[in-house]
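Have a look at the structure below before the remarks.
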Amino acid sequence: MTVQAEPLTAEAVKPARSGLAVFRPLKSRNFVLVWLGESVSILGDQFHFVALSLLVLNLTQSGLALGTVLAVAGIPRAALMLLGGAVTDRFSPRLIMLYSNGIRTVLTLLLAGLALTGLLQLWHVYVIVFIFGIVSAFFYPAYSSILPTLVEKEEIEAGNALMQITARVAMLVGPVVAGLVVARIQAGAALGFDALTFAVATVALLAMRNTAPAAKVTPSPESIPAESEPQEAPAGLVSAIREALRYAWNDSLLRTTLIMIALVDFSVAGVFGVGLPTLADMRYGGAEALGIMFSGFGAGSVLGVLLAGSIKFQRRGRLFILLLVLFTVSVAGMGFAPDVTSLALLTAIIGLGSGIFNVTGISWLQVRTDPKMMGRIMSLLMFSSAGLQPVANTLAGVLVEYHLTTLFLGAGLLTFLAVLVTAANREFRTLH
């Protein structure tokens, strides 16, 4: 059975706003600080992932070992993600981000020092990435929730576009430069740069003035399920998490979106976390090839963000389904790509869809979510994205040991399942 998304017509899109309007969030000093600090940090993330992946492969010569390292990082992140969202709603997103970035600075410096001195062992990596995962469980819900506290409601999509543009540029440039640094200097140097970027993000947060205690977004009444009307603050964090789960389950659109994200990110996690590094190491010479593949994703992402920032898509449901179809073909095709250029093109297509969704889709979710629930709903979004990544990376590690192409074909099938799930929901198909 195949599902074909109806092609977008001229009626499906219209200009989002004047070109200058996209820069309006820059009038907020706090937004600028978060935007610049986290953009620098995301650049460092590209160094971290390339260096860590190749460091583990050099230590072990095993794709399975890399999969288990990523799983060890992902398990605490997934287990504590909902708690991170509840804590974000209880306290300040800025405060959670500040402590998280400070701790990650220290952890990355430790990892860089061990790598540079030649003392690094696999158990060191497991311990450090496990703690890193715990901290990330609190950082990501806070980061996903802070934008509505920095800008006005009508500027949320523009703010997301600006944050995503610089993030995607970092994903374009970072992997290539990181690959060169790892190949020609040492992985520890790349990790040292990553630690510096965390420190920059920490300083930027320290320089902020107090943010609003609650998001400025007021969701439209029809977007809040009747069963989930805002109530008094729950007595504890467990009750707060249960309230968020009920809220999400009673919202058909939100429920379908979370399932779709879980399926797509489960498939893509194993491909990008284990499949591509192993493919680069086995067939194309390692670090530089991996950097080119990841930069393809970054280039597509930049284009996707620019499109989403300049065009107001009116038939978003159909657009998302069309992007899922492209994901399916691209992920499955990676196992048969003849060269690095072809792989970079396929990762660029995935990046294109990711860039569009991370502006259009996330802004839609932020606007329609009850401000009191923002941290928890964003944590559910992050959980759908990252919750099953430990399983995905472990399974990917097993599959690459068995047959590398099987990993990409299996990931393509899972992405196609996301096509079926979203196409079956009429409310999602007709989403504007």
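The values are calculated or read from the model by the stated rules, or taken from the named source; none is laboratory data. Source: prediction; values computed, not measured. All Cβ positions, glycine included, derive from the backbone under ideal geometry; neighbour counts span all protein chains shown.
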**Asked** Between a first residue in the stretch 104-119 that is under 12 Å from PHE132 (Cβ atoms) and a second residue that is assigned to a helix (DSSP H, G or I) and charged (D, E, K, R), which pairs have beta carbons less than 7 Å apart while being 6 or more apart in sequence or on different chains?
**Response** THR108/ASP194
**Request:** Within the stretch 160-176, work out how many residues are within 15 Å of SER310 (Cβ to Cβ) and not β-branched (Val, Ile, Thr).
**Result:** 5
**Request:** Given the conditions (1) surrounded by fewer than 24 Cβ atoms within 10 Å (Cβ to Cβ); (2) within 15 Å of the chain's Cα centre (by Cα), report the number of the one that ASP339 does not fulfil.
**Result:** (2)
**Request:** Restricting attention to helices (runs of 4 or more DSSP H) lying wholly within the stretch 379-432, give those where 2 or more residues are at pLDDT 80 or above and aliphatic (A, V, I, L, M).
**Result:** 389-402, 404-423
**Message:** Being more than 18 Å from the chain's Cα centre (by Cα), among the hydrophobic types (A, V, I, L, M, F, W, C) and over 14 Å from MET378 (Cα atoms) is the filter here; which residues of the stretch 79-95 pass it?
**Reply:** PHE91, LEU95
**Complete:** Taking the stretch 400-429 and the residues there that are touching a residue at least 40 places away in the same chain (Cβ under 8 Å) and of a type in the set (D, E, K, R), the one that is surrounded by the fewest Cβ atoms within 10 Å (Cβ to Cβ) would be GLU427
**Asked** Can you tell which of LEU303, LEU324 is assigned to a helix (DSSP H, G or I), of a type outside the set (Val, Ile, Thr) and in contact (Cβ under 8 Å) with a residue 60 or more places away in the chain?
**Response** LEU324
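Residue-by-condition table, conditions (1) modelled with pLDDT under 90; (2) within 17 Å of VAL268 (Cβ to Cβ):
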{"site": "ALA289", "(1), (2)": "yes, no"}
{"site": "MET293", "(1), (2)": "yes, yes"}
{"site": "PHE297", "(1), (2)": "yes, yes"}
{"site": "VAL302", "(1), (2)": "yes, no"}
{"site": "LEU306", "(1), (2)": "yes, no"}
{"site": "ARG318", "(1), (2)": "yes, no"}
{"site": "THR328", "(1), (2)": "no, yes"}
{"site": "VAL340", "(1), (2)": "yes, no"}
{"site": "LEU345", "(1), (2)": "no, yes"}
**Item:** Residue that is farther than 19 Å from GLY296 by Cα, in contact (Cβ under 8 Å) with a residue 24 or more places away in the chain and either of a type in the set (A, V, I, L, M) or assigned to a helix (DSSP H, G or I) (or both), where the choices are LEU365, LEU343
**Value:** LEU365
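Quick grid of which residues meet (1) within 19 Å of SER363 (Cα to Cα); (2) within 21 Å of the chain's Cα centre (by Cα):
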position	(1), (2)
PHE297	no, yes
SER301	yes, yes
ILE311	yes, no
ARG316	yes, yes
GLY335	no, no
